[in-house]
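K.L.:
A single structure is presented below for examination.
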Amino acid sequence: MSRVKTIESEIFELNQPSEVEYFRFHKKRYERFESFLKTQFAGTSQTKKMKALDIGSHYLHSSMILSKMNFEVDGMDVSVFWDMDFVKKRGAKFGITPIVENDLAKMPEFQSVHDRYDLVVFTEIFEHITFNPIQLWKTIHQILKPGGKIYISTPNSLALANWVRNFKNLITLKSVGITVDDIISKVTYGHHWKEYSPQEIKTYFGALSEDFHVTINPYHYKEYELKSPYLPFKLLAKLGNLTKTFAEELEVIVELKEKKVWKKGLSEY
């Protein structure tokens, strides 16, 4: 049985409505993540215990998959998630070490940590970063082992449906970027303030360190029924997902092949 099937049973048995809805929406993304782990780590994880840090561990979905694949897992998130009773119990059940971190910009928990992790998982977080990220990535560079990897999933800013919608909002003088409705209607520590194109992501990590080697795979995981509401958006999304350039999501694999130089100094106010 796949690891995703295993955690699905765990989630549906508990039957927390918001979690079940979230899992169903993201299930194909988890399947892709499991496929990545099998391709990149399966042989190694059988011979030695690999160590992973799941940043933004949320309901521990990715952390549970990692645990089932023989990783030693640290799950890091803000206190609002680790304070949930079922998350605490799940972490204990799957052997996931809780790391409560409310200041992702500085990550004080890791200031004296070096070369600890084989994998850092950063799924559906990249687009939410609203602060200067240099210290964050410098810390990840520090705690990742040489040869280690960062796994990122994030929306593609060139996704066809979003591109057409943003263009329509611009030419009708309605808005540029994130809308007021998005800001007001969603509860989050950070909205999708910045979504990236593949070229921007390569520029981003290249500006930080030449030690980072970036591979980007466009893909999609959302399923749309071609009916109202938002039928034009769904049609455009499906059309874009038939291509690579305009697909909705990006799977980004950043390999730290060696640790020689950090290029970017901390910015000042």
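K.L.:
When you look at A105, is it among the aliphatic types (A, V, I, L, M), crowded, with 17+ Cβ neighbours inside 10 Å and either within 27 Å of F205 (Cβ to Cβ) or within 19 Å of the chain's Cα centre (by Cα) (or both), yes or no? Break it down stepwise before answering.
P.N.:
Details: among the aliphatic types (A, V, I, L, M): yes; crowded, with 17+ Cβ neighbours inside 10 Å: no; either within 27 Å of F205 (Cβ to Cβ) or within 19 Å of the chain's Cα centre (by Cα) (or both): yes.
No.
K.L.:
Pick from segment 111-129 the residues that are closer than 27 Å to A42 by Cβ and over 18 Å from the mean Cα position of the chain (by Cα): which of them is surrounded by the most Cβ atoms within 10 Å (Cβ to Cβ)? Spell out the reasoning first.
P.N.:
Initial filter on segment 111-129 (closer than 27 Å to A42 by Cβ): 113-126.
Narrowing the set further to residues that are over 18 Å from the mean Cα position of the chain (by Cα) leaves 113-116.
Values: V113: 13, H114: 10, D115: 12, R116: 15.
Result: R116.
K.L.:
Among the residues of segment 211-235, which ones are over 22 Å from the mean Cα position of the chain (by Cα) and either part of a strand (DSSP E or B) or not basic (K, R) (or both)? Steps first, answer last, please.
P.N.:
Step one: of segment 211-235, the residues over 22 Å from the mean Cα position of the chain (by Cα) are 225-235.
Matches in segment 211-235: E225, L226, S228, P229, Y230, L231, P232, F233, L235.
One line per residue, one yes/no per condition, for (1) assigned to a helix (DSSP H, G or I); (2) farther than 27 Å from F23 by Cα; (3) at pLDDT below 95:
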site: E109; (1), (2), (3): yes, yes, yes
site: D115; (1), (2), (3): no, yes, no
site: K149; (1), (2), (3): no, no, no
site: P155; (1), (2), (3): no, no, no
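K.L.:
Please state which of the following conditions F41 fails to meet, knowing it meets all the rest: (1) modelled with pLDDT of 95 or more; (2) under 17 Å from I152 (Cα atoms).
P.N.:
Here F41 clears every test but (1).
K.L.:
If I filter segment 178-185 for residues that are at pLDDT below 95, out of contact with any Lys or Arg (no Cβ under 7 Å at 6 or more places or on another chain) and more than 30 Å from S79 (Cα to Cα), do I get at least one hit? Before the answer, list the steps.
P.N.:
Let us first name the residues in segment 178-185 that are at pLDDT below 95, namely 178-185.
Among the residues that remain, those that are also out of contact with any Lys or Arg (no Cβ under 7 Å at 6 or more places or on another chain) are: 178-185.
The next check asks that each one be more than 30 Å from S79 (Cα to Cα); those that pass are none.
Looking for residues that are at pLDDT below 95, out of contact with any Lys or Arg (no Cβ under 7 Å at 6 or more places or on another chain) and more than 30 Å from S79 (Cα to Cα), one finds none in segment 178-185, hence no.
K.L.:
Next question, about the same structure. Mind checking which residues of segment 157-185 are in a helix (DSSP H, G or I), exposed (fewer than 15 other Cβ atoms within 10 Å of the Cβ) and not polar (S, T, N, Q)?
P.N.:
Narrowing segment 157-185 to residues in a helix (DSSP H, G or I): 160-171, 180-185.
With the extra rule that they be exposed (fewer than 15 other Cβ atoms within 10 Å of the Cβ), the set shrinks to 167-171, 180-185.
Selection gives F167, K168, L170, I171, V180, D181, D182, I183, I184.
K.L.:
If you don't mind, there's one more thing I want to ask. Hey, among E210, E255, E249, which residue is modelled with pLDDT of 90 or more, touching a Pro at 6+ places or on another chain (Cβ under 9 Å) and under 30 Å from L119 (Cβ atoms)?
P.N.:
Details: E210 fails: touching a Pro at 6+ places or on another chain (Cβ under 9 Å); E255 fails: touching a Pro at 6+ places or on another chain (Cβ under 9 Å).
Answer to the check: E249.
K.L.:
Right, another one. Which of the residues spanning segment 47-83 are more than 18 Å from L14 (Cα to Cα) and assigned to a helix (DSSP H, G or I)?
P.N.:
Those that are more than 18 Å from L14 (Cα to Cα) and assigned to a helix (DSSP H, G or I): T47, L66, S67, K68, S79, V80.
K.L.:
Next question, about the same structure. Where residues in segment 130-144 are out of contact with any Gly (no Cβ under 6 Å at 6 or more places or on another chain) and outside any helix (DSSP H, G or I), which of them is surrounded by the most Cβ atoms within 10 Å (Cβ to Cβ)? If you could, list the steps in order and put the result at the bottom.
P.N.:
Taking segment 130-144 first, the residues out of contact with any Gly (no Cβ under 6 Å at 6 or more places or on another chain) are 131-144.
Narrowing the set further to residues that are outside any helix (DSSP H, G or I) leaves 131-133, 144.
Working: F131: 12, N132: 12, P133: 16, L144: 25.
That would be L144.
K.L.:
Return the residue satisfying two criteria in turn: it lies in segment 192-207 and is under 15 Å from E124 (Cβ atoms) and surrounded by 15 or more Cβ atoms within 10 Å (Cβ to Cβ), and of such residues it is modelled with the lowest pLDDT. Explain how you work it out, then say what you get.
P.N.:
Let us first name the residues in segment 192-207 that are under 15 Å from E124 (Cβ atoms), namely 192-196, 201.
Then keep just the ones that are surrounded by 15 or more Cβ atoms within 10 Å (Cβ to Cβ); that gives 192, 194-196, 201.
Details: H192: 88, K194: 93, E195: 95, Y196: 97, I201: 98.
Among them, the one singled out is H192.
K.L.:
Taking into account only those residues within segment 236-260 that are part of a strand (DSSP E or B) and of a type outside the set (V, I, T), which is surrounded by the most Cβ atoms within 10 Å (Cβ to Cβ)? Before the answer, list the steps.
P.N.:
Filtering segment 236-260 for residues part of a strand (DSSP E or B) gives 249-256.
Still in the running and of a type outside the set (V, I, T): 249-251, 255-256.
Numbers: E249: 21, L250: 24, E251: 20, E255: 17, L256: 20.
Among residues in segment 236-260 that are part of a strand (DSSP E or B) and of a type outside the set (V, I, T), the one surrounded by the most Cβ atoms within 10 Å (Cβ to Cβ) is L250.
K.L.:
Can you give me the number of residues within segment 211-231 that are farther than 17 Å from P155 by Cα, exposed (fewer than 13 other Cβ atoms within 10 Å of the Cβ) and either of a type in the set (D, E) or in contact (Cβ under 8 Å) with a residue 24 or more places away in the chain (or both)?
P.N.:
1
Matching residues to (1) surrounded by fewer than 22 Cβ atoms within 10 Å (Cβ to Cβ); (2) in contact (Cβ under 8 Å) with a residue 60 or more places away in the chain; (3) more than 15 Å from the chain's Cα centre (by Cα):
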site: T6; (1), (2), (3): yes, yes, yes
site: L14; (1), (2), (3): yes, yes, yes
site: K28; (1), (2), (3): yes, yes, no
site: Q40; (1), (2), (3): yes, yes, yes
site: K48; (1), (2), (3): yes, no, yes
site: K51; (1), (2), (3): yes, yes, yes
site: H61; (1), (2), (3): no, no, no
site: V73; (1), (2), (3): no, no, yes
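K.L.:
Okay, moving on. Being modelled with pLDDT of 95 or more and among the hydroxyl-bearing types (S, T, Y) is the filter here, so list the residues in segment 44-69 that pass it.
P.N.:
S57, Y59, S62, S63, S67
K.L.:
Checking K194 against (1) in contact (Cβ under 8 Å) with a residue 24 or more places away in the chain; (2) more than 22 Å from L158 (Cβ to Cβ): exactly one of these is not met. Which one?
P.N.:
Every condition holds for K194 apart from (2).
The values are calculated or read from the model by the stated rules, or taken from the named source; none is laboratory data. Values in this document were obtained by computation on a predicted structure and should not be read as measured data. For neighbour counting, all protein chains shown are included, and Cβ atoms are generated from backbone atoms with ideal geometry for every residue, glycine included.
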